[in-house]
Amino acid sequence: MQKIALDRAKPGMVLAKAVENDRGMTLYGAGTELTEKAITRLSNMEVQKITVEGHPIQTGDGRSLEQQEEALRARFRKVRDDPLMRKIEGAFLKVLREEAGGE
């Protein structure tokens, strides 16, 4: 399962989680195969992200999430005492995890 930005969605991808509008109404259920028309409709409804089955989008450089996190931590080791740099590191870690499908 992978959470992706809607603009990266392609026809044929399958929703792993239902897509709901801001009122909680289901627009497309889990298991729905996306079509070009469905992607356009979701875009028109200003849906930003969807969760699809598998990992169809390569989000890193082929390394596992754990390897990417460790590389990021290594880059920030020298500035770990700086509160702002810790926040920036945390923001990058959050993005890595979201792209990998975790929340």
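A short reminder: the numbers here are calculations on the coordinates, not readings from a lab. Just so you know, these numbers come straight off a predicted model, no measurement behind them. Note that each Cβ is placed from the backbone with ideal geometry, even for glycine, and that neighbours are counted across all protein chains shown.
Summary table
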{"item": "Search result, residues across the range 77-99 that are basic (Lys, Arg) and either touching a Leu at 6+ places or on another chain (Cβ under 9 Å) or assigned to a helix (DSSP H, G or I) (or both)", "result": "77, 78, 86, 87, 94, 97"}
{"item": "Some residue of the range 14-26 being within 21 Å of residue 100 (Cβ to Cβ), of a type in the set (D, E, K, R) and in contact with a helix residue (DSSP H, G or I) (Cβ under 9 Å, 6 or more places away or on another chain)", "result": "no"}
{"item": "Among residues of the range 40-95, those that are touching a residue at least 24 places away in the same chain (Cβ under 8 Å) and not small (Gly, Ala, Ser), counted", "result": "18"}
